[in-house]
């Protein structure tokens, strides 16, 4: 327990106001017993307990849409103003965009995945979201055991040979199309962009050309897998293109 606050929900006796409007739940955060033990650059999960004023044994429903914390005080190490918080990006399984000779799809739009929602590698601020395509990615601070399983359905308007590109955090993985053989992610990563510093570790995303693939027209299945010892999952987006592509952050062809 590091910080704690008792929130005033704006209603009688501090209760939450029962409507669909925003309300400022005022309360200062108080340092708890473990505060002095925590490094300043450690990211902390926040939990909110809502105690019904009518009693725990009374049926009730409470929905909290969003919580924001305003940082105050005189600590010069805390940025002013506080950075704009990230917004939730809702996955759209199977979605894709494209143009003449290219198709782009987001990793978070997987039609099947055993990656959990949330995670320490998710963007915290709007500035971090701007580094990622669509403001989100398929990420987790660890790889599911026994292995990562993520798949996407890509609708190809025409058959042919495409260059396959991947934007990810730089870990090694294996990939395949349809029921083909698994192939390793070989080659050199490029166009690295920093998302944020995490103490001794820098969280970043970069591009990798996985090579040329021959694909039929219609719906094709793309899949990736990673072993648990890789430590982390972080896929941003993928690209199939028949033309030349020069990686430049989140810019599409």
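Here are the numbers for the structure shown:
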{"quantity": "Members of the range 230-253 found to be outside any strand (DSSP E or B) and within 26 Å of residue 157 (Cα to Cα), listed by number", "calculated": "242, 243, 244, 245, 246, 247, 248, 249, 250, 251, 252, 253"}
{"quantity": "Residue count, the range 104-123 (criterion: assigned to a strand (DSSP E or B) and crowded, with 16+ Cβ neighbours inside 10 Å)", "calculated": "4"}
{"quantity": "Residues satisfying the stated conditions in the range 171-185, i.e. buried (at least 16 other Cβ atoms within 10 Å of the Cβ) and without any contact (Cβ under 8 Å) to a residue 40 or more places away in the chain", "calculated": "185"}
{"quantity": "Any hit, the range 195-207, residues being touching a strand residue (DSSP E or B) at 6+ places or on another chain (Cβ under 6 Å), exposed (fewer than 15 other Cβ atoms within 10 Å of the Cβ) and either touching a residue at least 12 places away in the same chain (Cβ under 8 Å) or over 30 Å from residue 39 (Cα atoms) (or both)", "calculated": "no"}
{"quantity": "One residue from 20, 8 being surrounded by fewer than 14 Cβ atoms within 10 Å (Cβ to Cβ) and modelled with pLDDT under 85", "calculated": "20"}
{"quantity": "The one condition in (1) more than 22 Å from the chain's Cα centre (by Cα); (2) closer than 22 Å to residue 120 by Cβ that residue 187 fails to fulfil", "calculated": "(2)"}
{"quantity": "The range 73-95, residues that are at pLDDT 85 or above and more than 17 Å from residue 130 (Cβ to Cβ)", "calculated": "90, 91, 92, 93, 94, 95"}
{"quantity": "Matching option when the condition is closer than 22 Å to residue 118 by Cα and surrounded by fewer than 16 Cβ atoms within 10 Å (Cβ to Cβ), among 144, 228", "calculated": "228"}
{"quantity": "Condition check for residue 218: closer than 18 Å to residue 94 by Cα, out of contact with any strand residue (DSSP E or B) (no Cβ under 6 Å at 6 or more places or on another chain) and surrounded by fewer than 16 Cβ atoms within 10 Å (Cβ to Cβ)", "calculated": "yes"}
{"quantity": "Breaking point among (1) in contact (Cβ under 8 Å) with a residue 60 or more places away in the chain; (2) within 19 Å of the chain's Cα centre (by Cα); (3) over 20 Å from residue 110 (Cα atoms), for residue 161", "calculated": "(2)"}
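The values are calculated or read from the model by the stated rules, or taken from the named source; none is laboratory data. In this text, all values refer to a predicted model and were calculated from it rather than measured experimentally. We place every Cβ from the backbone using ideal geometry, glycine too, and count neighbours over all the protein chains shown.
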